[in-house]
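Derivation of every value follows stated rules applied to the coordinates shown; laboratory data play no part. Small disclaimer: the values here were computed from a predicted structure and weren't measured. Don't worry about glycine lacking a Cβ; one is built from the backbone with ideal geometry, like all the others, and counts go over all protein chains shown.
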Amino acid sequence: ATMLKGMNLSEIMTGLAASGKNVKDMGAYKFWQTQPVPQFGEEGKKLEEGPLKIQTVEEIDKEPQPLVAGFDWVTVDLTDDGEMKEVYELLNGHYVEDDEAMFRFNYIPEVLRWAMMAPGWQRKYHIGVRATESRKLVAFISAVPVNIRVRNKTFTTSEVNFLCVHKKLRGKRLAPVLIKEVTRISNLDGVWQGLYTAGVVLPRPVSTCRYYHRALNWPKLHGCGFSPLPAGSKPQYQVRKYAVPDGTATKGLRPMRETDVDAVVSLLTRYLARFDMAPEFTAEEAKHWFLPKKDVKQVIWSYVVEDNNKNITDFFSFFCVESSIIKNNEVLRVAYLFYYATEAGLTTTPDKPALKARLNALIHDALVLAKKAKLDVFNALSLMDNGLFLEQQKFGGGDGQLHYYLFNYRANPIAGGVNAKNQL
Ligand code: MYA
């Protein structure tokens, strides 16, 4: 969660390598300088892309590194409601906050299940640390397998997420131990590359995106300090500015169904081919990531446009992750734009005005649907083709950035078009 500060939209960042105030000297990254990741200082040169370090499974330790006395390694059983609740509570109290500590992600079990039990998931990748005496869960890290294409090479990665250390155990170098453990587990499965995002600058981002926010419920966003009242404006002007129609406008738009999966995968694969870095979806993965699960709180919303010939010509999706408003214990319901694709982007001679018009129509409908779903704000990153609609759809630049990283893979900087799944 990041603050809306009404910054200049022309500053959209697409894939600029990290630079400036947040970067420590390489020597200050005591842990990261020992890892197979690109280091600062070699930017600018065009590098041969590929793995940095080649190993075999035989070389990998069969046992985890010992933890300091008083703590034990565990794997967490997310199919067990009690253990799921423990992960939820650890993250709810100790996971990512904005710089001013006003908001903290509140990943409810439905979202955690969606994110960490994707096709190919295994329990051994839900790695926890418990206090030996109290059995309290004090740290966690997880990964799911993701096939990613970087330019013309495709490989399997462990997509790492939900790294969290209890506030009382911070600064004790536990995070590197967790990272080494998820690396070891991956390596034993023959997975040598990693994929992750973070708000912090580490050696060395492959791409950097900025967060944009589009108010849906302005009074609530203002009330909790997310959206300031611009100088010279009045609350009612803001409410009017962000009002959306009651119904969608795109002809043929409807919720995605299971029978659409193959058509969506085909469309999305062709659309994502336009970008330098993107995940590859199997039908099973598309089903998991895009279709809401029955009988649980809805996490993901996906829509398609079906034309008169029953072809799926367009697709978009967004998911919801709540953020706790720390001062009053309420929650903001935050929509995140997920994947989208449109035939308008796939003509043989790229027609940018047509693509721009179509994306604006689709995202406008997405805003209508998100509002209907009672979501308070709609977030998007400066990636894919988002620069074509952010301004027109009244998104404002936030002060948060998201850095994308590859582990054990050297890649030249990528402008836009990265794995939006990693917004999680
Ligand atoms: S990003 C979300 C991370 N979580 C949070 O921000 C939640 C709130 N914060 C915390 O829980 C703690 O502050 C964390 C650090 C756990 C973040 N990614 O133990 P320490 C480096 C990577 O003393 P603590 C997400 O989940 C830091 O630069 N490294 O610090 C994706 C320093 O190293 P160096 C990080 O504050 C995670 C060292 O840790 C991060 O107690 C992807 C200090 O350790 C960070 N977000 O704990 C992980 N923050 O000395 C990498 C700090 O070198 C996966 N550090 O500067 C790599 C791929 C692995 C798979 C490979 C497969 C082959």
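For this structure, a couple of remarks:
- Taking only the alpha carbons of the stretch 145-186, we obtain Rg and Dmax values of 14.0, 44 Å in that order.
- Residues whose placed amide H lies under 5 Å from that of GLU322, excluding near-sequence neighbours: ASN106, ILE108, VAL334
- Within the chain, the selection of entire DSSP H helices by a Cα span of 24 Å or greater along the long axis and an average Kyte-Doolittle value of at least -1.0 returns 352-372.
- Size estimate for the stretch 323-424 follows the Kirkwood approach: the inverse of mean 1/r over distinct Cα pairs works out to 15.7 Å.
- Each peptide in 111-117, 322-328, 384-390, 234-240 receives the mean, over its residues, of other Cβ atoms within 10 Å, and ordering these scores from highest gives 384-390, 111-117, 322-328, 234-240.
- In this structure the amide hydrogen of LEU402, modeled in the peptide plane, comes within under 5 Å of the amide hydrogens of CYS209, ARG210, TYR211, none closer than 5 places in sequence on its chain.
- Computed log10 I(q)/I(0) for the stretch 104-261 at 0.19, 0.20 Å⁻¹: -1.24, -1.30, from the Debye equation with unit scatterers placed on every C-alpha and solvent omitted.
- Diffusion coefficient (Stokes-Einstein, Kirkwood radius over C-alpha pairs, 20 °C, 1.002 mPa s) for the stretch 184-297: 111 µm²/s, rounded to a whole number.
- Positive end of the dipole of the stretch 257-311 (Cβ unit charges, origin at the Cα centre): among PRO292, VAL265, PHE275, the Cα lying farthest that way belongs to PRO292.
- For the stretch 58-132, the convex hull spanned by the alpha carbon atoms encloses 149 Å³ per residue.
- Relative to the Cα centre, the charge distribution of the stretch 239-297, modelled as +1 at Lys and Arg Cβ and -1 at Asp and Glu Cβ, gives a dipole magnitude of about 440 debye.
- Dipole of the chain computed with +1 at Lys/Arg Cβ and -1 at Asp/Glu Cβ about the Cα centre; of SER233, THR348, LEU178, farthest Cα towards the positive end is SER233.
- Average 1/r across all pairs of distinct alpha carbons in the chain, invert it, and you get the Kirkwood radius: 22.5 Å.
- q = 0.18, 0.20 Å⁻¹: log10 I(q)/I(0) that the Debye formula gives for the stretch 217-280, counting C-alpha atoms only: -0.79, -0.81
- Across the alpha-carbon atoms of the stretch 42-174, the computed radius of gyration and Dmax are 17.5, 52 angstrom.
- What separates the Cα centres of the stretch 324-343 and the stretch 252-286 is a distance of 22 Å.
- Here the dipole of the chain is about 960 debye; that uses its Cα centre as origin and unit charges on the Cβ of Lys and Arg (positive) and Asp and Glu (negative).
- Measure of compaction for the stretch 272-391 (Cα Rg per 2.2 N^0.38 Å): 1.16
- Database remark: amide H of TYR409 closer than 5 angstrom to the amide H of LEU52 (H placed geometrically; neighbours at sequence offset of 5 or more, or on other chains; Pro and chain starts carry no H).
- In the distance distribution for the stretch 158-240, Cα-Cα pairs more than 20 Å apart total 59 percent.
- Dipole of the chain, positive direction: furthest Cα of ILE325, ALA361, LEU188, with charges on the beta-carbon: ILE325
- In terms of packing, defined here as the mean over residues of other Cβ atoms within 10 angstrom, the peptides 197-206, 171-180, 57-66 line up highest first as 197-206, 171-180, 57-66.
- Order by protection proxy (mean Cβ within 10 Å, highest first), peptides 89-95, 79-85: 89-95, 79-85
- Estimated vicinal HN-Hα couplings, Hz - the stretch 123-129 in sequence order (Karplus 6.51, -1.76, 1.60; Gly, Pro = x): 4, 5, 8, 9, 9, x, 10
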